[in-house]
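Take a look at the structure set out below.
Please treat every number below as a calculation from the coordinates, not as lab data. Everything numeric here is computed off the predicted structure, so don't read it as measured data. Using ideal geometry, Cβ is built from the backbone for each residue, glycine included, and neighbour counts are taken over all protein chains shown.
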Amino acid sequence: MTKHRLLFLALLAGTSVGAAHAQNAPMRGAAMQAAPAVDPAPRDPALRPVFETFGGKAGLVALVDDFMANLMADPRTRPFFAPVDREHVKTELVDQFCVILDGPCTYTGRNMEQVHRGLDIHRSQFNALVEDLQKAMDKHRIPFRAQNKLLAKLAPMHREVVTK
Ligand code: HEM
């Protein structure tokens, strides 16, 4: 495992997503009953060059194809994806990644809390999914810096996805 990866997994493990925590903390206190849903596809105009590095929307479609193949080949994640409409999930993932990277797309899927509620996802399974995404990005020769830009946007979502 490379240094980049270790760093990133440390980030996932919890403590150092400080900025996001700081942003959320006051909201939690003030809106205990009806916390607004976290944006599942936060557009970041600064990431447009990264969108190009990923090969635009066509690049994302090819990437997510391999990502889903990895998820299905991985015994840690396969049980979650085997029973669902994987073509639909792929379409939503492409749109989600596309919007995050400021591509010309619209994300029409549900928010991350709604989608993953009741799936009982453990942190180790979240980390497995990230590894499967990294493997797909490596195959598509996405440079580490670009990989980490996308992963940094996805990492804070563990708070909504991991429920076990
Ligand atoms: C940052 C991490 C993740 C992101 C960005 C993400 C994103 C998404 C998106 C966009 C969808 C489709 C939404 C829709 O249909 O409206 C989805 C569905 C799904 N995700 Fe995730 N996901 C993440 C982590 C995980 C993990 C760790 C697992 C399990 C190991 C998982 C299992 C599923 C399953 C089973 C569905 C299909 C649910 C259904 O059709 O009812 N996801 N995810």
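Residue ranges 82-95, 147-160 sort as 147-160, 82-95 when ordered by packing (mean number of other C-beta atoms within 10 Å per residue, highest first).
The phi-based Karplus calculation (6.51 cos²θ - 1.76 cosθ + 1.60; θ = phi - 60°) puts the 3J(HN,Hα) values of the range 154-164 at 7, 3, x, 5, 4, 5, 9, 8, 7, 10, 10 Hz, whole numbers, x for Gly and Pro. Here the scattering of the range 40-112 is modelled by Debye summation over its C-alpha atoms, one equal scatterer each and no solvent; at q = 0.12, 0.18, 0.20, 0.25 Å⁻¹ the log10 of I(q)/I(0) is -0.33, -0.71, -0.83, -1.10. A Förster radius of 25 Å, combined with the Cβ-Cβ distance separating His140 from Val38, puts the computed FRET efficiency at roughly 0.35. If you model the range 73-146 as an ellipsoid using its alpha carbon gyration tensor, with each semi-axis the square root of five times an eigenvalue, the axes come out at 21, 18, 12 Å, biggest first.
Note on Glu52 and Lys90: the extension gain reaches 11.7 nm, defined as 0.36 nm multiplied by sequence separation minus the Cα-Cα distance.
Residue ranges 52-65, 116-129 sort as 52-65, 116-129 when ordered by packing (mean number of other C-beta atoms within 10 Å per residue, highest first). The value of relative contact order for the range 48-161, using C-alpha pairs under 8 Å at least six residues apart, is 36 percent.
One decimal place: the segment Ala69-Arg159 gains 29.9 nm when fully extended, by the rule 0.36 nm per residue minus the C-alpha distance.
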